[in-house]
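The values are calculated or read from the model by the stated rules, or taken from the named source; none is laboratory data. Only a predicted model underlies this, so the values are computations on that prediction, with no experimental measurement involved. Quick reminder, even Gly has a Cβ in these numbers, built from the backbone with ideal geometry, and neighbours come from all protein chains shown.
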Amino acid sequence: MTSTIAESPAPASAPEPKNEPAHSSVGSLILNFLTQNGILVAFVFIFTVLSVSNQAFLSPTNLTNIVLQYSYVLILAIGMLMVIVAAQIDLSVGSVLGLTGAVASVLIVRYQTPWWVAVLAALAVGLVCGAWQGFWVAVVGIPGFIVSLGGMLLFRGLTYKVLSNISLTIPSDPDSQGPAYASIANGFFNGILGGDGFDVFTVIIFIIAAVGFCVMQWRTRQNQLRYNQTVLSLPLFIIKLAVIAAVIIAFGWQISHDRGLPYILIILAFLIMAYTLVTQKTSMGRSIYAVGGNMLAAQLSGVKVKWVNFWVFVNMGFLAGVAGVVYSARMSSAQPGAGDGFELDAIAACFIGGASTLGGVGRVTGAMIGGLIMAVLNNGMQLMGFDESTRKIVKGLVLLLAVAFDLVNKRRAKTS
């Protein structure tokens, strides 16, 4: 008698985590890449179009001027990003910039103080302005929009008072503190390691920056794989790194043929690295994202929401002070209307760079790319002879399209 033994089905094995998304076609690969890196692709596209449209755009002098002319907006965008991530807004940063620049200029011109004393005083004023607004938002509970709208008027009025309603020119006399102060935004490292027609030191610094960027991106990817997060496929990841590294080195090569490495670029790079570390690797950074993402959940988790809101405004005031010093040093003067409208540029840079209008989402690097898009657009249109009205129309449309793109991506993610 033959008996048959029914084999029990093999236990289903747990699905292995997919470190890289599986795609059915090249088209889906491209779509996924564009979804994750849309803002970077947009920047490369705009940069390429402007380069082809006007040969002067890629000249060493023009690229250096872009850095000098828009560095203060990028500095403001770093602080504004943290405010927006916390689901707040600050409309007063342009006025704080004007006030801090005015304080520094008055100390140098009227009181002949050392330039570094003027810088410290400007930063202190920025911190006081930030603390003032943080108090009303965090302690009293007034929305940041209203508080900063009042601050925009208050600090602008104080700027007029400090300057006695007139512009103040910082002297360029070698015996005064003017040249040292102006060099903050107009100085360069040049000739340290020599070079035949270009500055070797500048090129080396940008090569180091490109290598450092690639190493950081690789480590970030490895950490994402370790936690089974979705990442780009390895070929696309390598292509992305190669393109970005090439752009960084090419940019450094170009400006090395002009005046060398700007001091302000070193300051900006330090701020970007420092605040990237703060937002991504510290408990304070995680608290800001938690408050912006879900304030009630953050409170229940033990996050001190009031202190988070207070410190994001204090930090914004500090960075507005830094930007005020840079702007007044760049112009070698202080004007009652300095910084007017800069808050809109900083906010636009954050939203174009991927920050959410609802808070909880955004990266420092994204805000920097958003700011650079605004900078190269404005600069390129100036070179091509577009008037101010046309430039404003284009920048407004770019902002709307960027926010619309972000919303479409979020809806697609929810339905997928």
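Brief remarks follow.
- Scanning the range 191-210 for residues being in contact with an Asp or Glu (Cβ under 8 Å, 6 or more places away or on another chain) and surrounded by 17 or more Cβ atoms within 10 Å (Cβ to Cβ) gives a total of 0.
- Residue pairs meeting the criteria (Cβ under 8 Å; at least 6 apart or on separate chains; first under 12 Å from A355 (Cα atoms), in the range 401-416; second in a helix (DSSP H, G or I) and at pLDDT below 75): F405/G38
- The range 284-302, residues that are under 18 Å from G362 (Cβ atoms) and either small (G, A, S) or buried (at least 17 other Cβ atoms within 10 Å of the Cβ) (or both): G285, S287, I288, Y289, A290, V291, G292, G293, M295, A298
- Residue check, G212 at pLDDT below 90 and not assigned by TED's automatic domain parsing to the domain that holds M331: no
- So A87, is it outside any helix (DSSP H, G or I), among the aliphatic types (A, V, I, L, M), under 30 Å from V361 (Cα atoms) and in contact with a helix residue (DSSP H, G or I) (Cβ under 9 Å, 6 or more places away or on another chain): yes
- Taken together, V137, V128 contain a single residue that is surrounded by fewer than 24 Cβ atoms within 10 Å (Cβ to Cβ) and out of contact with any His (no Cβ under 7 Å at 6 or more places or on another chain), which is V128.
- Condition broken by I249, with the remaining ones in (1) under 20 Å from I205 (Cβ atoms); (2) outside any helix (DSSP H, G or I) satisfied: (2)
- Beta carbons closer than 6 Å, at least 6 apart along the sequence or on distinct chains, pair a first residue in the range 141-152 that is outside any helix (DSSP H, G or I) with a second that is not basic (K, R) for I142/W136.
- When the range 338-360 is filtered for residues that are buried (at least 24 other Cβ atoms within 10 Å of the Cβ) and more than 16 Å from the chain's Cα centre (by Cα), the ones remaining, listed by number, are A338, G339.
- Some residue of the range 339-357 being within 30 Å of P174 (Cβ to Cβ), small (G, A, S) and either assigned by TED's automatic domain parsing to the domain that holds L76 or outside any helix (DSSP H, G or I) (or both): yes
- The number of residues in the range 366-416 being surrounded by fewer than 18 Cβ atoms within 10 Å (Cβ to Cβ), at pLDDT 80 or above and either outside any helix (DSSP H, G or I) or polar (S, T, N, Q) (or both) comes to 7.
- Boolean, V243 is surrounded by fewer than 17 Cβ atoms within 10 Å (Cβ to Cβ), under 22 Å from the mean Cα position of the chain (by Cα) and more than 25 Å from P60 (Cβ to Cβ): no
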